[in-house]
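Contents: one structure, followed by commentary.
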Amino acid sequence: MDLNRPAFPLQSQNKAPRNRTTLAATAMAAALLLSACGGGAAPQGAEQAAAADPASGANASGAVNICGVKDASGIYKGTAEAFTKANGKVTAKYTEIGATTDEARTQIVQRLEGKSTECDLFVTDVIWTSEFASQGWLLDQTKLVEANKDRLIPSTVETTKYQDKYWGSPFFTNAGLIYYQKDKVAKPESWQQLYAEAAKAPGNGFVYQGKQYEGLTVNFLEMLYSAGGEVLNDQGEVKIDSKETRDVLNFMSDGLKNGSADRAVLTYNEDPARLAYESGDFGYQRNWPHVYRLLNATPLASTFGVAPLPAWEGGKASGVLGGWNLAISAHSTNQSGAVAFIDFATSPDWQKHVAMDYSQAPVNEAAYSDAAVLQKMPFATELLASVKGAKPRPISPVYPQISQAIYKNVYAVLSGTASTEDAVKKMADEITTAKASF
């Protein structure tokens with residue numbers, strides 16, 4: 001997932017899906033929809049979705065068009081070209097339909113709503129699954145995912161799940177890491193230890209993504225999950241008003257007050273956090289795997305270590321998954337070709353190239369221990385630990401509103417404009433309202 005972008009827009013800023021009700025709908029209709037979203041019967045769109053046939057890829061032919069965001073690393077076009085060369089019967093091409101993640105989402109929604117046959121496959125952000133599946137826009141990939149499950153890391157599969165079915169196949173994933181200066185601070189085993197080490201000396205401090213945007217949601221959830229907290233339970237009920245939420249908010253706030261974290265983090269997304277760390281004035285940085293390559297091009301090369309995200313003291317380490325999935329359009333004219341492409345893209349052999357050629361995190365566990373991969377990605381073992389321990393963000397068709405409720409109120413506590421108690425209550429109320437709008 002690309003977090004170095006503006007915060008998610010509320011869905012009202014985009015064209016609304018045809019069958020979505022709003023708070024202005026009648027109380028009876030709103031109640032029925034809320035029941036469907038909260039773990040009961042799936043909306044009509046998801047119920048009526050056709051299923052992809054995992055056996056169909058073997059006899060596929062023709063052309064397949066994959067659509068998505070600007071291909072900055074070349075991974076999408078490279079995969080399409082490699083597939084075409086290896087398959088012989090199906091030709092694949094990648095079509096860019098958005099310069100940024102938000103633009104791509106808007107373009108995808110327009111095509112899906114309009115029943116366009118232009119795109120057979122969409123490269124989808126992991127947080128779009130529930131929204132797209134609930135509208136009946138995607139093929140049900142449950143059988144296909146089950147057929148390929150032995151090659152996929154379980155946590156990545158969970159990002160494709162909605163209402164007990166799978167609506168996409170993981171392509172590559174992402175999880176946060178801790179970069180630390182080995183001559184200043186110790187490898188972190190817990191968040192409490194990291195913050196204590198960071199406070200010991202001015203040059204030991206911690207930098208992370210604390211700006212009021214999606215990245216702050218992720219940073220907060222990494223701690224909340226490791227502390228045993230949650231936003232929604234398995235039934236879709238709002239559970240963020242909890243002791244764990246209060247503990248994490250107080251801990252993060254205290255870290256800014258006592259100097260464990262620099263207050264400038266309140267203005268940082270990914271790149272500013274990386275540049276601050278590259279100055280040499282900090283001991284720890286929370287960031288994504290791609291930072292490893294960038295750090296090795298600076299004077300800090302060979303001076304830093306890489307570690308999985310630490311655990312909450314007495315708890316279990318837990319990251320928050322990013323990454324991209326492959327979703328088959330319900331309006332595809334070459335569904336068997338799309339299945340063949342997914343089989344290739346998720347194969348153990350190609351997943352090694354995902355790491356070696358494009359510096360992305362594979363969804364195949366075996367790739368992380370491959371000698372050629374380790375040569376290009378020496379921190380693969382630490383990255384695998386973060387990926388395996390990571391969890392999806394709250395699964396809901398109204399995730400953008402849920403995320404905004406989280407990062408807005410977390411920021412209010414960190415910046416000192418709201419108390420923890422008020423922020424937790426407001427966060428829970430806003431998430432409840434967002435869920436009721438679907």
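Output the residues belonging to the range 399-433 that are hydrophobic (A, V, I, L, M, F, W, C) and touching a residue at least 40 places away in the same chain (Cβ under 8 Å).
Matches in the range 399-433: Ile402, Ile406, Val410, Val413, Leu414, Ala423, Val424, Met427, Ala428, Ile431.
What do you reckon, is Asn250 in contact with a Ser or Thr (Cβ under 9 Å, 6 or more places away or on another chain), modelled with pLDDT of 95 or more and not hydrophobic (A, V, I, L, M, F, W, C)?
Yes: the conditions hold for Asn250.
Out of Asn296, Asn250, which single residue is of a type outside the set (Val, Ile, Thr) and either under 16 Å from Ala175 (Cα atoms) or in contact with a helix residue (DSSP H, G or I) (Cβ under 8 Å, 6 or more places away or on another chain) (or both)?
Asn250
Residues that are more than 21 Å from the chain's Cα centre (by Cα), of a type in the set (Phe, Trp, Tyr) and surrounded by 18 or more Cβ atoms within 10 Å (Cβ to Cβ), at least 2 per element: which helices (runs of 4 or more DSSP H) completely within the range 137-199 meet that?
It comes to 191-199.
Name the residue that is most open to solvent (accessible area, probe 1.4 Å), counting only residues in the range 345-369 that are among the hydrophobic types (A, V, I, L, M, F, W, C) and under 20 Å from Phe379 (Cβ atoms).
Filtering the range 345-369 for residues that are among the hydrophobic types (A, V, I, L, M, F, W, C) and under 20 Å from Phe379 (Cβ atoms), the one most open to solvent (accessible area, probe 1.4 Å) comes out as Ala366.
Just to be sure, is Gly315 more than 19 Å from the chain's Cα centre (by Cα) and modelled with pLDDT under 95?
yes
In the range 76-101, which residues are open to solvent by less than 60 Å² (accessible area, probe 1.4 Å) and either modelled with pLDDT under 95 or touching a Lys or Arg at 6+ places or on another chain (Cβ under 9 Å) (or both)?
Those that are open to solvent by less than 60 Å² (accessible area, probe 1.4 Å) and either modelled with pLDDT under 95 or touching a Lys or Arg at 6+ places or on another chain (Cβ under 9 Å) (or both): Ala80, Thr84, Tyr94, Ile97, Gly98, Thr100, Thr101.
When the residues of the range 43-72 are filtered to those that are surrounded by 17 or more Cβ atoms within 10 Å (Cβ to Cβ) and out of contact with any strand residue (DSSP E or B) (no Cβ under 8 Å at 6 or more places or on another chain), which remaining residue is modelled with the lowest pLDDT?
The qualifying residue modelled with the lowest pLDDT is Pro43.
For the list (1) assigned to a helix (DSSP H, G or I); (2) of a type outside the set (D, E, K, R); (3) open to solvent by 20 Å² or more (accessible area, probe 1.4 Å), I need the number of the one condition that Phe132 fails.
(3)
Output the residue which, of all residues in the range 100-125 that are within 20 Å of Thr173 (Cα to Cα) and of a type in the set (A, V, I, L, M), is nearest to the chain's Cα centre (by Cα).
Val123
Which residues, taken from the range 240-255, are more than 21 Å from Glu230 (Cα to Cα) and surrounded by fewer than 19 Cβ atoms within 10 Å (Cβ to Cβ)?
Asp254
Counting only residues that are of a type in the set (A, V, I, L, M, F, W, C) and either more than 28 Å from Asp71 (Cα to Cα) or surrounded by fewer than 17 Cβ atoms within 10 Å (Cβ to Cβ) (or both), how many does the range 310-344 have?
Of the residues in the range 310-344, 3 are of a type in the set (A, V, I, L, M, F, W, C) and either more than 28 Å from Asp71 (Cα to Cα) or surrounded by fewer than 17 Cβ atoms within 10 Å (Cβ to Cβ) (or both).
What are the residue pairs meeting all of these: first residue in the range 65-86, first residue part of a helix (DSSP H, G or I), second residue open to solvent by 30 Å² or more (accessible area, probe 1.4 Å), Cβ atoms under 6 Å, and 6 or more apart or on different chains?
The qualifying pairs are Ile75/Tyr358; Ala80/Lys93; Phe83/Phe344; Thr84/Thr91.
Checking Gln375 against (1) under 15 Å from the mean Cα position of the chain (by Cα); (2) surrounded by fewer than 24 Cβ atoms within 10 Å (Cβ to Cβ), which single condition isn't satisfied?
So Gln375 meets the others, but not (1).
Which count do you get for residues in the range 271-302 that are modelled with pLDDT of 95 or more, hydroxyl-bearing (Ser, Thr, Tyr) and surrounded by 14 or more Cβ atoms within 10 Å (Cβ to Cβ)?
So the count comes out to 3.
Out of the residues in the range 200-239 that are of a type in the set (S, T, N, Q) and open to solvent by 20 Å² or more (accessible area, probe 1.4 Å), state the one that is nearest to Gln401 (Cα to Cα).
Within the range 200-239, the match that is nearest to Gln401 (Cα to Cα) is Gln212.
If Val145 satisfies every condition in (1) closer than 23 Å to Cys119 by Cβ; (2) touching a residue at least 40 places away in the same chain (Cβ under 8 Å) but one, which is the exception?
For Val145, the failing item is (2).
Find all pairs meeting these conditions: Cβ atoms under 8 angstrom apart; at least six residues apart or on different chains; first residue within the range 155-181 and under 18 Å from Asn364 (Cα atoms); second residue open to solvent by less than 10 Å² (accessible area, probe 1.4 Å) and among the charged types (D, E, K, R).
Gly176/Glu222; Gly176/Arg286
Restricting to the range 102-124, what's the tally of residues that are crowded, with 23+ Cβ neighbours inside 10 Å and more than 21 Å from Ala340 (Cα to Cα)?
Total meeting the criteria: 3.
If a residue has to be in a strand (DSSP E or B) and under 12 Å from Lys143 (Cβ atoms) to count, how many in the range 46-64 make the cut?
1
Out of (1) without any contact (Cβ under 8 Å) to a residue 12 or more places away in the chain; (2) farther than 16 Å from Thr346 by Cβ, the odd one out for Ser134 is which?
Answer for Ser134: the failing condition is (1).
The values are calculated or read from the model by the stated rules, or taken from the named source; none is laboratory data. Note that the structure is predicted; figures quoted are calculated from it, not measured. Reconstructed Cβ throughout: ideal geometry from the backbone, glycine too, with neighbour counts over all protein chains shown. Accessible surface areas use protein heavy atoms only, side chains included; no ligands, DNA or RNA. Shrake-Rupley method; radii C 1.70, N 1.55, O 1.52, S 1.80 Å.
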